[in-house]
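Please read the structure below before turning to the comments.
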Amino acid sequence: MRLLGLDPGLRHTGWGIIEAEGNSLRHLANGAVASDASLDLAGRLVQLFEGIEKVIADWQPQEAAVEETFVNKNPVSTLKLGQARGIALLVPALHNLAVEEYAPNKIKKSVVGAGHAGKEQIHAMVSMLLPGCKIANEHAADALAVAICHAHYAGSRRHLGKAITMAGGKV
């Protein structure tokens, strides 16, 4: 299954595409969509929208996952991040992709094994889990971590769903 991970941000929204088959993960692509800080908020959101649209058109993922927002000390920054996150949720949904959301600590625990891992640890583990992957930048590394997390949890949900179906809907 081809998965899209998104790490939303108003300046840079990281994206990563992986292929998950059973317990095997394979890197396909990664990068970041940038917005022009000289534009107004609406113009920047359009740039994020168009960039994510292009990623989906180019790579045709089957599912998407987005990192949940944590609350910053600055409420204006939190609101802007929330708007960028809305675009990250909207674009895949417009393409009829199932979209899951994961908290940062869940992503870190899934990829590194510790919910409070640093950026360097995440980057290192993403490189280990996706051998040969050249990570474009820190935003892309975070997006690949989101995709890896989704691969782990989505696979478990699919297996559970099959088991429930085989049991006649009774658990």
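The values are calculated or read from the model by the stated rules, or taken from the named source; none is laboratory data. Only a predicted model underlies this, so the values are computations on that prediction, with no experimental measurement involved. Positions of Cβ are generated from backbone atoms using ideal geometry, with glycine treated the same way; all protein chains shown enter the neighbour counts.
When S38, S77 are checked against the criterion of being surrounded by fewer than 19 Cβ atoms within 10 Å (Cβ to Cβ) and part of a loop (DSSP other than H, G, I, E, B), a single residue qualifies: S38.
All conditions in (1) part of a helix (DSSP H, G or I); (2) loosely packed, with under 12 Cβ neighbours inside 10 Å; (3) at pLDDT 90 or above; (4) not hydrophobic (A, V, I, L, M, F, W, C) hold for H123, with the sole exception of (2).
Scanning the range 141-171 for residues that are at pLDDT 95 or above, closer than 22 Å to A98 by Cβ and either more than 14 Å from the chain's Cα centre (by Cα) or among the aliphatic types (A, V, I, L, M) (or both) returns A143, L144, A145, V146, A147, I148, A151.
Per-residue answers, yes or no, for (1) under 16 Å from T13 (Cα atoms); (2) touching a residue at least 60 places away in the same chain (Cβ under 8 Å); (3) of a type in the set (F, W, Y):
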{"site": "S35", "(1), (2), (3)": "yes, no, no"}
{"site": "Q47", "(1), (2), (3)": "yes, no, no"}
{"site": "E50", "(1), (2), (3)": "yes, no, no"}
{"site": "K54", "(1), (2), (3)": "yes, no, no"}
{"site": "T69", "(1), (2), (3)": "yes, yes, no"}
{"site": "E100", "(1), (2), (3)": "no, no, no"}
{"site": "K106", "(1), (2), (3)": "no, no, no"}
{"site": "A143", "(1), (2), (3)": "yes, yes, no"}
{"site": "V146", "(1), (2), (3)": "yes, yes, no"}
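Among the residues in the range 102-109, are any of a type in the set (A, V, I, L, M, F, W, C) and part of a helix (DSSP H, G or I)? Give the steps one after another, and end with the answer.
Restricting attention to the range 102-109, the residues satisfying the condition of being of a type in the set (A, V, I, L, M, F, W, C) are 103, 107.
This time we only want the ones that are part of a helix (DSSP H, G or I), so: 107.
Checked against the condition, which is being of a type in the set (A, V, I, L, M, F, W, C) and part of a helix (DSSP H, G or I), the range 102-109 yields at least one hit.
Among the residues of the range 1-35, those identified as assigned to a loop (DSSP other than H, G, I, E, B) and either of a type in the set (D, E) or more than 11 Å from A147 (Cβ to Cβ) (or both) are P8, G9, L10, R11, G22, N23, S35.
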